[in-house]
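Below: one structure, written as structure tokens.
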Amino acid sequence: STSVGISHTATVMTTRATQKLRVMHLYRRCLKDLFSWTGNRELFYQEVDKLRDMFEKNRNVTDPNLIDELIEQGEKKLHAGRHPDPYVVPYYVGGTKYARNPPVPPEMRLVFDYGREVQP
């Protein structure tokens, strides 16, 4: 009986930890998508407050099945409202500054003493 109780407790704790991670990832993805939709920081912060209130409203839900359902609803809502051209940090892959000045290939010889080379 004790081992069953411990096993059940471990399962519940694992489920809650997984759900907590899923909620945190969902919130972070919502923030990133929200930043793509808002043009300036002031509007972004106003919308962040609304988003946070939506998440806080369900903070005290304890039923694991209901939590899973709420997460699924949130993911569907996020997917349905994704920005068609999301903001990309300029120096990340897909950003405007990514690989703008790529390193010189190793087979190319750089001449640092231009104009003072020894002529053969």
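The values are calculated or read from the model by the stated rules, or taken from the named source; none is laboratory data. What you see is a predicted model, and the numbers here were worked out from it, not measured in a lab. We place every Cβ from the backbone using ideal geometry, glycine too, and count neighbours over all the protein chains shown. To get the accessible areas, we keep the full protein, side chains included, count just its heavy atoms, and leave off ligands, DNA and RNA. Shrake-Rupley method; radii C 1.70, N 1.55, O 1.52, S 1.80 Å.
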Please work out if GLY95 is among the small types (Gly, Ala, Ser), over 30 Å from VAL12 (Cα atoms) and open to solvent by less than 90 Å² (accessible area, probe 1.4 Å). yes
Of the residues that sit in region 55-92 and are within 25 Å of THR9 (Cβ to Cβ) and not in a helix (DSSP H, G or I), which one is most open to solvent (accessible area, probe 1.4 Å)? ARG59
